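The values are calculated or read from the model by the stated rules, or taken from the named source; none is laboratory data. Keep in mind it's a predicted model, so treat the numbers as computed, not measured. Note that we place each Cβ from the backbone using ideal geometry, even for glycine, and neighbour counts take in every protein chain shown. Each accessible area value is taken on the protein alone, full model and side chains, heavy atoms only, with ligands, DNA and RNA left out. Shrake-Rupley method; radii C 1.70, N 1.55, O 1.52, S 1.80 Å.
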Amino acid sequence: MPSLFDKIYAKSPVWMQHIGISAYGLIWNRRRYGGDFKKKLIEFQSRDNFSVDQWRDYQTRELRRLLIHSYQYVSYYKDVFSKRHIDEAHLQSFSLEDLVRLPLLEKNIIRTKPDQFISKNSNPEKLHTYLTSGTTGTPLAILSSDGTDRSVQAAYEARVRKWAGLDYQMSRAMIGGRLVVPHGITTPPFWRYNIFERQIYMSAFHISPVNVSDYVRALNHFKPNYLVGYASAHFFLARMIDELGLAFYKPRAVLTSSENLTEEMRHKIEKVYRCEVFDGYSGVENCCLASECECHRMHISQDVGIIEIVNEFGEPVKPGESGEIVATGFLNFDQPLIRFRTGDIAVLSVETCPCGRDMPILENIIGRLEDTVIGRDGREMVRFHGIFAGLPDVREGQIIQDTISDFRIRLVVGVGFGKEEINIIRKRFEERLGLINLNFEFVEQIERTERGKFRAVISHVERHKKD
């Protein structure tokens with residue numbers, strides 16, 4: 001449900017929304033970059049050139065520390081270890097190879113037993129809640145402390161920004177999933193400015209041939225040092241800029257994430273923005289991080305967590321073979337996730353990188369298969385997971401666009417789902433797309449792809465290039 005801040009923000013004039021965004025940005029900045037952030041950053045950078053043996057020793061130590069902590073303080077894992085007759089003495093000598101003795105962690109287990117994953121030595125009042133995009137269409141709540149947030153940001157700074165020649169103090173433009181432009185607003189500006197971080201936050205829900213000039217005007221005016229956000233959103237924007245022949249300034253780099261960046265998308269963004277694109281893979285769960293170095297190979301950060309690539313039986317596959325990413329996170333001891341099934345499919349490379357770093361390489365990430373929804377005015381949108389946020393009786397949700405104005409909402413629901421939830425979903429759709437036709441279908445299960453992947457959004461509407 002909307003917070004008090006959200007309600008006030010939605011009814012405020014644009015100038016006051018800029019102030020609200022800036023105040024929010026100041027709080028976030030202190031949370032992420034205060035305290036021991038710089039110390040943690042130095043530690044991450046010091047491990048950049050670890051050898052294979054050094055990485056193995058580091059991961060073994062961190063795995064044992066995580067498992068012992070989980071045994072002592074986390075109810076769910078205490079039960080898991082007990083059922084397998086694993087005690088604290090065993091965990092003190094646990095090896096990386098022993099990890100397969102533990103079960104895979106399904107997202108639905110976390111949804112149904114959230115309290116059992118919270119560490120007993122964490123203060124619940126000081127934990128922040130973040131929602132995942134939800135590969136089953138239903139977001140997952142992830143809790144973490146300020147210390148965890150700073151660790152995550154230190155890893156991102158060391159392995160994403162620094163490798164792209166950037167830093168967190170530079171100005172940036174973000175295209176993300178936050179509704180910075182409130183419901184019903186169809187006129188520019190389609191962005192808001194965070195003065196304390198010199199960040200222009202642009203709506204991902206208004207990119208269309210009609211509106212693209214407003215985006216370009218803002219970016220040419222502020223000239224942020226770099227751009228960041230959804231790969232698809234930057235691709236849509238770059239393609240429209242190219243088709244309309246608009247003049248565009250030259251940023252230092254573009255950082256993309258959250259979706260599969262195809263070669264077509266990379267080529268278009270680099271052609272229009274005239275800079276390099278650096279792609280990354282991570283998640284709100286903070287279990288893993290993979291990012292592109294200067295040679296554009298996607299390295300796994302082994303101090304963020306352990307990544308396994310497994311088959312349908314949970315067994316490791318060989319490099320060069322595709323499998324599901326299963327992650328064990330080292331950064332969040334408030335809500336530890338061990339052998340967490342991400343639902344994303346990837347391939348581990350057999351090659352080494354010219355950059356010289358002894359960090360494994362993800363050759364291909366096949367997951368994150370959300371389709372694009374096309375609005376009446378040509379706007380192109382992805383990331384519709386917020387439609388089902390905060391609705392616990394939506395077990396799975398899938399959005400299918402049949403025509404410009406006709407959508408099917410396929411739902412697996414619990415006993416508490418009713419008319420109120422339907423009205424909330426309708427309102428959220430209208431906030432993003434205006435008046436459309438919604439048809440609800442209630443099913444026992446939503447089909448997966450041949451690779452076992454859930455598709456949260458499917459669109460049957462073809463994009464028409466603007467002449």
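Some notes on this structure:
- Length gained when the stretch Thr60-Asn108 is fully extended (0.36 nm per residue, less Cα-Cα span): 14.5 nm
- Residues whose amide H falls under 5 Å from that of Asp344, counting only those 5 or more places apart or on a different chain, are Ile325, with hydrogens built in the peptide plane.
- Using a Förster distance of 35 Å, the FRET efficiency for Arg178-Asp115 (Cβ separation, nearest 0.05): 0.80
- Stretching the chain fully between Thr186 and Ile68 yields a gain of 37.2 nm (0.36 nm per residue, less the alpha carbon separation).
- Per residue, the chain exposes 46 Å² of accessible surface when a 1.4 Å probe is rolled over the protein heavy atoms with every protein chain present.
- Between the range 61-125 and the range 153-220, the C-alpha centres lie 38 angstrom from each other.
- Using a cut-off of 22 Å between Cα atoms, the listed pairs Lys78/Lys318; Lys162/Lys268; Lys40/Lys162; Lys83/Lys120; Lys78/Lys113; Lys11/Lys427 include Lys78/Lys318; Lys162/Lys268 as exceeding that distance.
- Cα→Cβ-extended label distance, 7 Å offset, between Asp393 and Val52, nm: 5.5
- The convex hull of the Cα atoms of the range 299-365, projected and averaged over all directions, covers 4.6 nm².
- Note on Asn437 and Val14: their simple-model spin labels are 3.5 nm apart, each label 7 Å out from Cα toward Cβ.
- Relative contact order %, the range 241-290, counting alpha carbon pairs below 8 Å whose residues are six or more apart: 39
- Relative contact order, whole percent, for the chain stands at 15, derived from Cα pairs under 8 Å and 6 or more residues apart.
- Listed values for the range 73-79 are Karplus-derived 3J(HN,Hα) couplings in whole Hz (6.51 cos²θ - 1.76 cosθ + 1.60, θ = phi - 60°), namely 10, 10, 4, 4, 6, 4, 5, and x replaces Gly and Pro.
- When the range 267-401 is described by a simple charge dipole with +1 on each Lys and Arg Cβ and -1 on each Asp and Glu Cβ, the residue from Gly343, Ala389, Ile361 located farthest towards its positive end is Ala389.
- Among beta bridges that DSSP assigns inside the chain, antiparallel share in %, nearest 5: 60
- Convex hull volume per residue for the range 157-304, taking Cα atoms only, in Å³: 111
- The range 59-66 - phi-based ³J(HN,Hα) in whole Hz, Karplus 6.51/-1.76/1.60, Gly and Pro as x: 5, 5, 4, 5, 5, 4, 4, 5
- Spin-label pair Asp402/Glu462, simplified geometry with 7 Å Cα→Cβ offset, distance in nm: 1.9
- The trypsin sites (Lys or Arg not before Pro) of the range 117-215 meeting both criteria, a DSSP state outside H, G, I, E and B (loop) and at most 12 other C-beta atoms within 10 angstrom of the site's C-beta, are Lys120.
- Amide H contacts under 5 Å for Leu166, placed H, 5+ residues apart: none
- If you plug the beta carbon distance of Tyr249 and Val210 into 1/(1 + (r/R0)^6) with R0 = 25 Å, you get a FRET efficiency near 0.70.
- Stretching Thr129 away from Lys271 to a fully extended chain increases their span by 47.3 nm, per 0.36 nm per residue minus the current alpha-carbon distance.
- Rg/Rh ratio calculated on Cα atoms of the chain (Kirkwood radius): 0.95
- Per-residue HN-Hα couplings for the range 154-168 [Karplus 6.51, -1.76, 1.60; θ = phi - 60°; Hz; x = Gly/Pro]: 5, 5, 5, 5, 6, 10, 10, 5, 4, 5, 8, x, 10, 8, 5
- Under-5 Å amide H pairs with Arg395, H placed in peptide plane, nonlocal only: Val412, Val413, Gly414
- Nearest-ten-degree value, helix 14-33 long axis tilted from longest Cα axis of the chain: 10
- Calculated [θ] (222 nm, deg cm²/dmol) that DSSP helices of n ≥ 4 give over the chain, each run adding -39,500 (n - 2.57): -9500 deg cm²/dmol
- With the whole protein complex present, Ile366 retains an accessible surface near 40 Å², based on a 1.4 Å probe.
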